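The values are calculated or read from the model by the stated rules, or taken from the named source; none is laboratory data. For clarity, every value in this text was computed on a predicted model and none was experimentally measured. Cβ placement follows ideal geometry from the backbone for every residue including glycine, while neighbour counts extend to all protein chains displayed. Only protein heavy atoms, including side chains, enter the accessible area calculation; ligands, DNA and RNA are left aside. Shrake-Rupley method; radii C 1.70, N 1.55, O 1.52, S 1.80 Å.
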Amino acid sequence: MKLDVKAPGAARITAVVFDGKKEVARAEGTAETAFYLPLANPKPWSPDAPFLYDVKLTLTAANGRVSDEVMSYVGMRDVQLGKVNGVVRPLLNGQFVMQLGLLDQGYWPDGILTAPTEEALKFDMEYTKKAGYNLIRKHMKTEPQRFYYWADKLGLLVWQDMPAIWYPNEDTLATRTRFRHELKAILDDHYNSPSIIAWVPFNENWGAFDVVRITDWVKRYDPSRLVNGNSGFNNNPSYQKAYGDPKNGDFVDTHIYVGPTKASEPDEKRAASLGEFGGVGLFVRGHMWPVENNAYAYEPTKAALTDRYVFLLDQVDQLMRYRGLSVAIYTQTTDVEHEVNGLLTYDRGVEKMETDRVRAVNQAVLQAGYELATKKD
């Protein structure tokens, strides 16, 4: 385990790692200089077993006086690409885990971009877990660090988007320097969250520029995670020419509404991901934002919407088994303004699908992925 502690001066750092109340590692180093803690037989972090070690850091001044002490935590996990039965797939701790998740825009009717309480922030994540998903794609925004804390604690994989430049009537050259600066800031802010396994610099070509170079830069800057350079490169806003497939990064990623048929397939270097699909809507009177609301398709009842979802997930299962699909992200966690394609209403007052059936089919797909991963050639 590598530690790099930021503190003024050449203060001495003592780091102690705990498994529960048991001390399992200890080391000393100096602030501003990386040092290592040997950790025998580390317990891995995963969605099924989100184990976290506690870490105590003590700062000792030159006169021997303890000047500060903080508690933190760490999750041990590894993510990379590898071949499973000849197919390139993302591996978590050396094993293929099918990534099945929700597009999560994180909007709130009483706070817009800000959850009204921590309980509310946690509610969406607990529902995602209850419904049988193992992934959140945090779409086009970042969250307070508490969001990533709960993802770490609950066991949810996170794809983290970079918010887009999208000014159709303005020259984005004026904002590209700021974009690069803020992209680096997001990577730095959330580097230590084990739940984040992938960065997404661009989405559907929105305000996209230098896609290949920026994707490569993110890979170099943070080699501990995967990078999806331009999620949904097959889609494009009307005001600019599409970049198309950047042909680098770790994923061949398409968005198919309603889908999931015609999803991307892996190539020799990249895994296949369906970065967005679904988006089937249901109107719930008394629980919608007072504007014209839309979806990519519609069903008339909760039961019919659930039937449609189960059908789509059965197709995802087939794509995973026979077309090499490794990631599928359904749109979306909740309704938002103008959109009624969530699993929950915007006010979180109504579950719009039969959650027990959603969980059952999700878990069946994840179990099929596990069986595929353990199947011998």
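Annotations
- In segment 271-346, the GluC sites (Glu not before Pro) that fall in loop regions by DSSP, at most 10 other Cβ within 10 Å: Glu292
- DSSP-defined antiparallel bridges as percent of all bridges, segment 63-201, nearest 5: 45 percent
- Sorted into 10 angstrom bins from 0, the C-alpha pair distances of the chain split as 5, 22, 31, 25, 12, 4, 1, 0 percent.
- Segment 131-282: C-alpha gyration tensor shape, a/c 1.5 cut-off, then a/b vs b/c: rounded
- GNM on the chain, alpha-carbon springs under 10 angstrom: the most fluctuating residue among Ala198, Ala151, Ala304 is Ala304.
- In a DSSP loop and with at most 13 other Cβ atoms within 10 Å, the GluC sites (Glu not before Pro) in segment 162-236 are Glu170.
- Efficiency of FRET from Cβ geometry, Glu28 and Asp356, R₀ 51 Å, rounded to 0.05: 0.50
- Simple label model, 7 Å out from Cα along Cβ direction - Thr301 to Tyr36, nm: 6.3 nm
- Accessible area of Arg77 in the full protein assembly, 1.4 Å probe (Å², nearest 10): 40 Å²
- In this simple spin-label model, placing a label point 7 Å from the Cα along the Cα-to-Cβ direction at both Lys130 and Val66 gives a separation of 4.1 nm.
- Shape of segment 61-201, Cα gyration tensor, a/c cut at 1.5: rounded
- With a Förster radius of 45 Å applied to the beta-carbon distance between Asn294 and Lys43, the computed FRET efficiency rounds to 0.50.
- Exposed-site-free run, longest, the chain (rule: chymotrypsin sites (Phe, Trp or Tyr not before Pro); DSSP loop; at most 13 other C-beta within 10 Å): 1-190
- Within segment 103-158, trypsin sites (Lys or Arg not before Pro) in DSSP loop having at most 16 other beta-carbon neighbours inside 10 Å: Lys141
- Accessible-area value, Val200, 1.4 Å probe, nucleic acids and ligands omitted, Å²: 0 Å²
- Anisotropy class of segment 214-264 from Cα gyration tensor, a/c 1.5 cut: oblate
- Glu23, Glu268, Glu299, reordered so the largest accessible area comes first (probe 1.4 Å): Glu268, Glu23, Glu299
- A simple count of charges around Glu354, restricted to other residues whose Cβ falls under 13 Å of its Cβ and scoring Lys, Arg +1 and Asp, Glu -1, yields +2.
- Centre separation in Å (Cα based) which lies between segment 23-57 and segment 261-338: 38 Å
- Given Lys43/Lys247; Lys21/Lys352; Lys184/Lys269, the pairs whose alpha carbons are separated by over 32 Å: Lys43/Lys247; Lys21/Lys352
- Dipole moment magnitude, nearest 20 debye, the chain about Cα centre, only Lys, Arg, Asp, Glu C-beta charged: 960 debye
- If R0 is 35 Å, the Cβ-Cβ spacing of Arg178 and Asn93 corresponds to a FRET efficiency of close to 0.45.
- Percent antiparallel among DSSP beta bridges (both partners in the chain, rounded to 5): 50 percent
- Per residue, the accessible area of the chain comes to 46 Å² when a 1.4 Å probe rolls over the protein heavy atoms.
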